[in-house]
Amino acid sequence: MNISEKVTGYFEFRPAAWLRITGEDALDFLQSQVTQDLRSLEAQGVTYGLWLSQKGRVLADSLFFKVSDREFFILSYHCPGAFFLERMESYIVADDVVVTDLSTGWEGMTAWGEVAVQRVVDATGFSLQSEKFHRWQGGFLFRGRRGAHPHVEWIAEKLSPLFNGPGTKVDAETVERQRIVAGLPSVPEDVGPGELPNEAGLEDPAISYVKGCYLGQETMARLKAMGQIRRKLMRVVGDGIRPPRGPRPLYQGTKRVGELRSTASLPMGGYVGFALVTLLGFDPTRGFSLEPSGSETLRVLQT
């Protein structure tokens, strides 16, 4: 089923978390906290990683912007700044690390589609092929992690009037749909404190298996060695009106086989979403219902 769409325009947002981490021990400290290898990240580099519990469950995710070994910025689309501030401050003992929460003072913009992206490139000199961020007018330009189609994001204390001019406004529902269709889970809505990264397919983009110790590393190492998970996050499409947000049980016959997590309406009708499915006893040839013995109005998205 082809549910891709062409999105053009600008989406304005405020980051759930935007923090600055500075100090002589900034790199060593962050390296001990997250799943990604920040030591191998070049200056001006951007990477994606997870914050886990000691048992390896997903507490938060974020993008890491490395200015230098002594200065990092952290962006999260959905996890609040208060979480990161509390988490890091609880583990700072004798480290020379200062964490500043800038979440309430900054704003962001995402440019979608060829015309909007080219407008940003022409104005700022940013390269869409770059794996690094680009500083411009005191802010950060970078390739976003919101969908499969090319898009550029800019986060700054004050957005330039350049991006407030004529142009199509992209709404939050469209951005959410792009994320789900691209198979990018939201933390903690799709995968959270009750789930392992591998259940959501996050091991490849977010986890380094060659770095040193970090919180949750032992569980990640065991999972890599065993290679087995009991649940899997899958994309699904459903008929009718999108149900209210929040986890909703999914059934095959009378058997509960999973939960419907985040969803977004489709322009042609119906909706797309993520479902966390228990693999034992799940019949991949059947669909899902939202109530026991109900009509199977959802099915796994085949692309």
> Semi-axes, largest first, in whole Å: what does sqrt of 5 times each Cα gyration tensor eigenvalue give for the chain?
Replying inline: 33, 27, 15
>> Given a 10 angstrom Cα cut-off, can you work out which residue in Phe83, Phe72, Phe64 is the most mobile in a GNM of the chain?
In response: Phe83
>> Ignoring everything except DSSP H segments at least 4 long, calculate the 222 nm mean residue ellipticity for the chain; use -39,500 (n - 2.57) per segment, divide by total residues, nearest 500.
In response: -5000 deg cm²/dmol
>> Cut-off under 20 Å on the C-alpha distance; same-chain residues fewer than 8 positions from Lys158 excluded. Which lysines are left, in chain and number order?
In response: Lys169
> R0 = 22 Å: FRET efficiency of Gln129 with Asp204, Cβ-based, nearest 0.05?
Replying inline: 0.60
> Hey, which of these cross-link pairs are over 30 Å Cα-Cα: Lys55/Lys132; Lys6/Lys232; Lys6/Lys224; Lys6/Lys132?
Replying inline: Lys55/Lys132; Lys6/Lys224
> Residue farthest toward the positive end of the dipole of the chain, with Cβ of Lys/Arg at +1 and Asp/Glu at -1: which of Val210, Phe73, Leu141?
Replying inline: Val210
>> Full-extension gain between Glu12 and Lys255, please, as 0.36 nm times their residue separation minus the C-alpha to C-alpha distance.
In response: 83.3 nm
>> Along the charge dipole of segment 102-191, pointing to its positive end and built from +1/-1 on Cβ of Lys, Arg, Asp and Glu, which listed residue (His151, Trp112, Gly125) has its Cα farthest out?
In response: Gly125
>> Under 10 Å, Cα contacts only: if you run a Gaussian network model on the chain, which one of Gly192, Gly113, Gly240 comes out with the highest mean-square fluctuation?
In response: Gly240
> Roughly what would the spin-label model give for Arg242 and Glu24, points 7 Å off Cα along C-beta, in nm?
Replying inline: 5.0
> How big is segment 246-303 in terms of Cα radius of gyration and Dmax, in angstroms?
Replying inline: 11.0, 34
>> Running a GNM on the chain with Cα contacts under 10 Å, which residue among Val191, Val210, Val115 ends up with the highest mean-square fluctuation?
In response: Val210
> Under unit Cβ charges (Lys, Arg +1; Asp, Glu -1), what dipole magnitude, rounded to 20 debye, does the chain have relative to its Cα centre?
Replying inline: 920
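Any read-out appearing in this document is the output of simple, stated calculations on the displayed coordinates, not a laboratory observation. The model shown is predicted, which means the values in this text are computed figures rather than measured ones. Cβ atoms come from the backbone with ideal geometry, glycine included; neighbour counts cover every protein chain shown.
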